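One structure is given below, encoded as structure tokens.
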Amino acid sequence: MRTIVIGSAAGGGFPQWNCGCDGCVAVRERRDGWSERTQDSVAVTADGERFALVNASPDVLEQIKRTRALWPRRPRHTPIGAVVLTNGDMDHVLGLFSLRESQPLALYATEAVFRGLEASVLFRTLQRFEGQLVFRPLTLGAEVELADAGGEPLGITVRPFAAPGKLPVHLTGHAKESAEDNVALTLRDSGKSSGGLAYAAACASADVATARALEGHDVVLFDGTFHREDELVRLGLSKSVAKDMAHVPIFGESGSLQSLANLRARKIYTHINNTNPILGPTRERREVEVAGWEIAFDGMEITT
């Protein structure tokens, strides 16, 4: 299976449109070692011809434009056959509404995430004709083979498992919390029964249970949103700490760098916030790399 990281930043991208932090300034000034990033998503394929997207970010059209493998091969065509959602955050679903041009797509999500999506009046734009968006439910712990809207297998299996998280902001107070609100995914070639890639780009904890769930994968893409718990508070950008936003920081006693130190896999941080210093040639980035982690970037390719 081939995975292309088409977006590696957290919500808002990098640089973020309304932010003048050190990192965002460095990118705008094109300083060495700093590069632009779109909002997190990956494209996976078993044959190089048909793809599934994991999440549909608001930057999806730009991501398709930058990724030759996702270009149409003929008029009214796309190599993208399915979209798999890990939660209902706007950063992960808004791109669906950019993929509405009379193109049948299969959508995989938990029932809880799909109910939240259906509650939006905008969802009607994805139901302009029968079969425009074919919903297929994800069940926690159950493996399913991905297929396009017409039922043609994509050669990839996915297994969702609960990841510590929370309801999207726009549903807080309007829906009941569920273990289905935020999931991580095991993705692998359908011909394999073990290994594969774990995608856990939004995770509120790196505790023992999380570490256990990530074991056995060849590659783990994990939440690298913040480098420390009080990152935004220290910068005067928010009163919220990482756990308030359902993210686990990299550094600190309960941070992922220490908690997942013994995880036997290729480990890659993604979904990185614009304020996180690991985005540039910094001491914090060097510490992460010395500890055996990689930093995802737009265009990164991974084979499992």
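Distances between placed amide hydrogens fall under 5 Å for S205 paired with V248, all partners being 5 or more residues away or on another chain. All alpha carbon pair distances within the range 1-141 were sorted into 10 Å bins beginning at 0; the resulting P(r) in whole percents reads 11, 39, 33, 15, 3. Placing R0 at 22 angstrom, the Cβ-Cβ distance between S240 and N18 gives a FRET efficiency of 0.85 after rounding to 0.05.
DSSP finds beta bridges in the chain, and of those with both partners inside it, around 50 percent are antiparallel.
For the residue pairs K176/K239; K65/K243; K166/K267; K176/K243; K192/K243, the alpha carbons lie more than 27 Å apart in K65/K243; K192/K243.
What separates the Cα centres of the range 198-274 and the range 19-34 is a distance of 23 Å. Per-residue ellipticity at 222 nm computed for the chain from its helices equals -3500 deg cm²/dmol, with DSSP H segments shorter than 4 residues left out and the rest contributing -39,500 (n - 2.57). Evaluated with a Cβ-only charge set (Lys, Arg +1; Asp, Glu -1), the range 131-192 carries a dipole of roughly 160 debye about its Cα centre, given to the nearest 20. Modelled spin labels at R124 and S35, positioned 7 Å past Cα toward Cβ, are 4.3 nm from each other.
Would you mind getting me the FRET efficiency between E49 and M90? Use the beta-carbon distance for r and R0 = 35 Å, nearest 0.05. About 0.70, to the nearest 0.05. Between the range 141-189 and the range 277-304, the C-alpha centres lie 26 angstrom from each other. Based on alpha-carbon atoms, the Kirkwood radius and the radius of gyration of the range 111-184 give Rg/Rh equal to 1.00. In the range 194-280, the inverse of the mean reciprocal separation of distinct Cα atoms equals 13.1 Å; this is its Kirkwood hydrodynamic radius. Can you work out D for the chain in µm² s⁻¹ from Stokes-Einstein, where Rh is the Kirkwood radius over C-alpha pairs, the temperature is 25 °C and the viscosity is 0.890 mPa s? Translational D for this selection: 127 µm²/s. Which one, V60, G88, S194, projects farthest toward the positive side of the charge dipole computed for the chain from Cβ point charges (K/R +1, D/E -1)? Checked the options; the winner is V60. Taking T275, T139, T172 in turn, the Gaussian network model of the chain (Cα-Cα springs below 10 Å) assigns the largest fluctuation to T172.
Assuming charge only on the beta carbon of Lys and Arg (+1) and of Asp and Glu (-1), the dipole of the range 2-303 about its Cα centre is about 500 debye to the nearest 20. Spin-label model, D230/R264: points 7 Å from Cα along the beta carbon direction are separated by 3.9 nm.
Working note: Karplus 6.51/-1.76/1.60 with θ = phi - 60° gives the range 9-25 the couplings 9, 6, x, x, x, 9, x, 7, 4, 10, 10, x, 5, 4, x, 5, 5 Hz, where Gly and Pro are set to x.
When you work out D = kT/(6 pi eta Rh) for the range 120-270 at 4 °C and 1.567 mPa s, using the Kirkwood radius from C-alpha pairs as Rh and the Stokes-Einstein form, the result is 75 µm²/s.
All of the numbers you see were taken from the coordinates with simple rules; none came from a lab. Only a predicted model underlies this, so the values are computations on that prediction, with no experimental measurement involved. Heads up, the Cβs are rebuilt from the backbone with ideal geometry, glycines too, and the neighbour counts pull from every protein chain shown.
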